[in-house]
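The values are calculated or read from the model by the stated rules, or taken from the named source; none is laboratory data. Since we're looking at a predicted model, the values are computed, not measured. We place every Cβ from the backbone using ideal geometry, glycine too, and count neighbours over all the protein chains shown. SASA here: full protein model, heavy atoms, side chains in, ligands and nucleic acids out. Shrake-Rupley method; radii C 1.70, N 1.55, O 1.52, S 1.80 Å.
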Amino acid sequence: MEHIQTLEQKIDYLRKTLQEKENELFEMKRNWMPMQPNSTQPEFTTLYSRNENVTKVQYGNKLPKWAIERYSRQILLPDIGVVGQEKLCNAKVLIVGAGGLGCPAAVYLAGAGIGEIGIIDYDKVDITNIHRQILHGECDQDKSKAESAAETLKSINSNIKITPYMVQLDSTNALEIMSKYDVVLDCTDNVPTRYLLNDACVMTKLPLISGSALKMEGQLTVYGYRSQGNIEKEVYQGPCYRCVFPQPPPAETVGSCSANGVAGPIPGVIGALQALEAIKLLVGHKYEKLLVERLLIFDGDDVTFRTVKLRSRNLSCPVCSENPEITKLIDYEVFCKSQAKEKKKEESKSRQEEKQKRMTGRSYFGFRIKNGEKKKYIQDVLKSERRIGNRCKSEFCAKGIYRFCSSIPEETRRELFNYFWNDLDWKGKKNYVRSLIDIVSPKRRRKNDTISRKIDTKLYHLIYKEERLSVCRIMFLNTLGIKEAMLRSWLSKEKNKKPKIPIKSLNVNRYMDNLPKYKSKCQFCTNIEYVNVGNVKNLYQLYNFYVNDVKNRGQLPASRKTFSNVASKKNIRIFKPKNDGDVCDLFGDHNLLPSMEYNKNVPICMPCEVNYYYE
């Protein structure tokens, strides 16, 4: 380190000498060139004179030799130096989301030598992620994103600590995880998690670097900046996410990459800039050089950057003000009226489990076959599957309606479960469930005379201290340990099954046998019979004739298909000649007359032993 200090002193001396020589050269050129009237003074600048604010590189005594060699290119920057690199090596950064934003940010933070990087992501790698999430490969499909990112970062820099978290960040674990880090990077894609990260960062006094990318656009800014711990003398605090966006946007107006798409380089650009802001923040840059109270907007269509000024800190903010209203984390899915986690994969997995149960003969949707003389389906759950489910801990389960899910203790739930399965018979179970559910008709109207719902609405209750407390559907089903299909079956109205009235119709076989017929006039096709009914020319007209005849008798006719099947079985046809003189409609060769004259006096309807082709 002494050698580095000596070199810096020599470089500083040479810079001052160079500055004196440049000033002397500047004076000589100004005196040599004549001044023109109404003309400005010419400027003579050099590379050094354009960087008058260059300071010497800071140095320290705690950085090992391998670190100086590895990070030498960024140590040469006056804004970082050895002291800045020491801060980076001792820093801890938490990245929430190992997706399109988190992957490039983690790559550059690991390359910069951040001491510890935490990665939170509950999802698994899918083939649709690889085009933009550069830490994952094809071999990582169906693997945890946090683990896949940690393994790749270890191959980039084995001297840093990588901590993967394969959990869903929520109000129960956010403060415990985030309190271990210095900076938080918001690399998520949903509004509830953004509000959760903002409130947690304000409570732990951590800066939040938030980025977003969708389609061909990206945005970046820094929330919750505090000057304490930096080189600034004055106390300054930037706005938080709630200061800029007090209320969440409607759920239908928020887009996602899975629905709207995104170009791969867009989150790459924003993620790299997030890493840059984190490095500048950790080495001690002032807020004027950071994206505090400013929003960077990147447009990939025309490749332009522009900066928009944001609102200043709200002194009456419910989170970051001197007297905050929100002092603990809340249920942000209810607050934003949107989900923070995609549940498609879980639903698909549950459907596969139910299918497996059905294929193995176990309970499926709450029904099983009762063995006996006759097969009877009853609403039941196998004893091995009769268990109490997880409770609902939210106070606002649906559309901001207050529920008492969190007020019912676990002991009461266990008592209700045992009472339902051990003390009631099947009829008692059915009546007990019906007594706890209120059905709101769809005819209930609002003030503006519009129907509020298209189907019946169910209100669920549980008994606690002899009172019916309103709970959500999940809490109701999990407490009693029953299935949704059982519930629908017990609440459905029993239909009065009326006996089917037998249809009396005329026997088609008998009708076909009683039709007037005549033999074929062809001497070769003797086994064909033709129907002789008026001017009937096809089977369609014959069926209409049959329908009229049957209706006149006060009976119901058979179907057209049945009528056609009987006619084909009995080999009954209707004569369809192509020419007036034809006697056979099956084969055209039977209608050809020979050159010899035939006896016209012989009646054509004579029996077949008379040869009407030849005399």
| Can you name every residue in segment 455-483 that is open to solvent by 30 Å² or more (accessible area, probe 1.4 Å) and within 20 Å of GLU411 (Cβ to Cβ)? | ILE463, TYR464, LYS465, GLU466, GLU467, ARG468, ILE474, ASN478
| remark: Within segment 552-582, restricting to residues that are within 18 Å of THR526 (Cα to Cα), outside any strand (DSSP E or B) and of a type in the set (D, E, K, R), the one that is most open to solvent (accessible area, probe 1.4 Å) is LYS569
| request: Output the residues belonging to segment 243-299 that are in contact with an Asp or Glu (Cβ under 8 Å, 6 or more places away or on another chain), under 13 Å from LEU220 (Cβ atoms) and open to solvent by less than 20 Å² (accessible area, probe 1.4 Å). | output: ILE266, LEU290, LEU291, PHE298
| query | Just a yes or no: is a residue in segment 228-237 in contact with a helix residue (DSSP H, G or I) (Cβ under 9 Å, 6 or more places away or on another chain), open to solvent by less than 20 Å² (accessible area, probe 1.4 Å) and either closer than 25 Å to ILE266 by Cβ or not acidic (Asp, Glu) (or both)? | reply | no
| Residues that are at pLDDT 85 or above: which helices (runs of 4 or more DSSP H) entirely in segment 398-506 hold 1 or more of them? | 410-422, 426-435, 473-480
| request: Can you work out which of the residues in segment 116-164 that are of a type in the set (A, V, I, L, M, F, W, C), closer than 21 Å to CYS89 by Cβ and touching a Lys or Arg at 6+ places or on another chain (Cβ under 9 Å) is surrounded by the fewest Cβ atoms within 10 Å (Cβ to Cβ)? | output: ILE160
| note | From the option list GLY84, GLY97, single residue qualifying as modelled with pLDDT of 85 or more and at positive phi is GLY97
| request: Keeping to segment 59-82, report how many residues are assigned to a helix (DSSP H, G or I), buried (at least 18 other Cβ atoms within 10 Å of the Cβ) and in contact (Cβ under 8 Å) with a residue 24 or more places away in the chain. | output: 4
| task | Could you identify the single residue in LEU539, LEU586 that is under 22 Å from CYS522 (Cβ atoms), open to solvent by 30 Å² or more (accessible area, probe 1.4 Å) and at pLDDT below 80? | result | LEU586
| message | I'd like the residue in segment 165-197 that is within 19 Å of the chain's Cα centre (by Cα) and of a type in the set (A, V, I, L, M) and, out of all such residues, is most open to solvent (accessible area, probe 1.4 Å). | response | MET166
| field | Every residue from segment 220-277 that is at pLDDT 80 or above, hydroxyl-bearing (Ser, Thr, Tyr) and within 21 Å of ALA105 (Cα to Cα) | value | THR221, TYR223, TYR225, TYR241
| query | What number of residues within segment 300-314 satisfy the criterion of being of a type in the set (Gly, Ala, Ser) and open to solvent by 60 Å² or more (accessible area, probe 1.4 Å)? | reply | 1
